[in-house]
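The values are calculated or read from the model by the stated rules, or taken from the named source; none is laboratory data. Just so we're clear, the structure is a prediction, and the values are computed from it rather than from any experiment. Glycine gets a Cβ as well: all are built from the backbone with ideal geometry, and neighbour counts include every protein chain shown.
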Amino acid sequence: MSALLTFGYLLVVLGILVFVHEAGHFLAAKWAGVWVHRFALGIGNPIPGLSFRRKETEYAICWLPLGGYVKMATAEEEATSSALEGGTPDDVVVPPEMYFEAKPVWKRMVIILAGVTMNALFAWMVFTGLAAQNGRAVNPETRVGVVNVAGLPDVLAPLALLAPGDTILAVNGAPVRQWGDVTDGIMSASAGEVTITVAGKADIVLPVHPDAIEERALAAGALDSWRPAIVSSVAPGSPALRAGLERGDTILTVGGVPTPQWWDLKAVVSGHPGDTLALDVARGTDRLRLSVVPGSEVAKDADGVEVTLGVIGVTSAGPTVFEPLTLGESFGEGFRATVNASTTVVRSIRGMITGRVSRRAIGGPILIAQMAEESAQAGIGIFFGFLGIISINLAVLNLLPIPILDGGQFLFLLAEGVLRRPLSLKLRERLTLVGLMLVGALMVFAFWNDLSRIFSG
């Protein structure tokens with residue numbers, strides 16, 4: 001049942017995003033006056049009983065649920081594309097002026113690029129909606145709360161020069177006013193290194209290439225902001241609840257150890273599963289002495305070794321606040337999120353080509369299905385955010401100059417515009433077949449990575 005549910009999430013995600021993409025091609029084709037034989041979700045022939053016709057266009061669901069297509073009338077049927085698109089109806093007479101090739105090159109370019117444009121617009125609308133609903137998360141703290149360099153690659157070793165309490169002033173020369181500026185600066189800096197300016201210390205320089213997305217993410221994840229040891233929630237049935245802790249309590253000491261911030265509290269509790277610890281707590285103007293026995297959970301350390309950690313079942317939201325946004329500000333926030341996501345995908349692709357990003361980071365349908373299920377379980381907002389990110393991935397990947405993809409088809413049209421004549425049908429068929437083989441090989445590799453992740457745990 002779990003596997004079927006996961007597969008169901010995959011179909012939902014692909015169904016939505018493929019529909020958005022192909023709707024772009026479809027609407028642009030209709031605008032340009034091109035005859036559309038079929039609008040399909042899935043690849044290959046339509047499934048009997050799952051199609052209907054309206055005017056000249058058949059709307060269908062096809063057998064292979066890993067894509068979709070808009071089959072436009074063409075005077076030059078390519079064998080490879082025809083096989084993927086279920087062939088052309090024999091009993092249809094298409095007016096010559098409604099063939100795809102009968103339209104000016106610029107209109108055909110619009111049709112080809114309309115799919116990725118719709119995916120980008122969809123992501124923008126999703127990110128805008130989330131910004132309007134949730135506002136902008138702002139953590140005004142720029143002091144370092146914790147630095148975890150365990151297991152980091154050598155190129156990130158300079159992070160060990162940071163210490164809790166250090167105030168970060170700038171990243172790559174850009175002043176930081178909140179903690180989000182710190183992580184954004186590390187992730188998005190276009191220079192060949194990341195320079196962190198710290199009050200009272202020499203600059204910390206990380207020689208990390210912009211396309212080394214994994215190393216940049218590790219650097220950003222190794223740091224977190226200063227966070228007061230204030231309880232924001234207490235889990236039902238937890239050791240903290242049994243000890244009498246309440247939301248809003250400030251924990252001053254644990255087991256006699258001062259805890260000026262959250263990470264100090266977490267470090268002490270983690271090291272004492274099952275032990276009785278005394279808590280000094282500030283609750284308003286009162287000072288309380290409580291006693292707690294941390295429970296335990298098993299986690300893996302930086303070397304992958306399982307360790308048992310103490311937990312008491314409290315969380316701290318820190319100083320983060322959510323600023324409400326106007327509709328105009330939400331559109332701007334959504335646009336910035338769309339640009340950042342697009343840039344990250346481009347840098348990741350470049351990093352894989354140059355070897356700066358591991359090829360094992362490539363994921364296929366299985367990984368998408370797993371992530372879709374996890375995001376849906378985390379909440380509708382998280383799920384739509386995931387849809388937006390995958391939509392941007394689909395847009396950027398479709399722009400790659402591979403003949404079977406939109407980017408390759410656009411290059412064909414660009415060549416036609418320069419040469420004043422289309423490339424020969426035989427050449428386009430051969431290049432399309434090569435593109436199909438490349439995409440097929442990439443899919444096999446992605447499936448292999450997915451299966452490797454599953455069997456390696």
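Can you tell me which residue among Pro422, Pro403 is assigned by TED's automatic domain parsing to the domain that holds Leu113, crowded, with 18+ Cβ neighbours inside 10 Å, within 23 Å of Val70 (Cα to Cα) and touching a helix residue (DSSP H, G or I) at 6+ places or on another chain (Cβ under 6 Å)?
Numbers: Pro422 fails: crowded, with 18+ Cβ neighbours inside 10 Å.
Answer to the check: Pro403.
Take the residues in segment 334-392 that are free of Cβ contacts under 8 Å to residues at least 12 places away in the same chain and either among the polar types (S, T, N, Q) or in contact with a strand residue (DSSP E or B) (Cβ under 8 Å, 6 or more places away or on another chain) (or both); name whichever of them is surrounded by the most Cβ atoms within 10 Å (Cβ to Cβ).
Checking each candidate, the answer is Ser375.
Only residues that are under 10 Å from Val231 (Cβ atoms), surrounded by fewer than 22 Cβ atoms within 10 Å (Cβ to Cβ) and in contact with a Pro (Cβ under 8 Å, 6 or more places away or on another chain): list them for segment 246-262, please.
Across segment 246-262, the qualifying residue is only Thr250.
Identify the single condition in (1) within 23 Å of Gly67 (Cα to Cα); (2) assigned to a helix (DSSP H, G or I); (3) aliphatic (A, V, I, L, M) that Ile382 does not satisfy, given that it satisfies every other one.
Evaluating Ile382 over (1) within 23 Å of Gly67 (Cα to Cα); (2) assigned to a helix (DSSP H, G or I); (3) aliphatic (A, V, I, L, M) leaves (1) as the failure.
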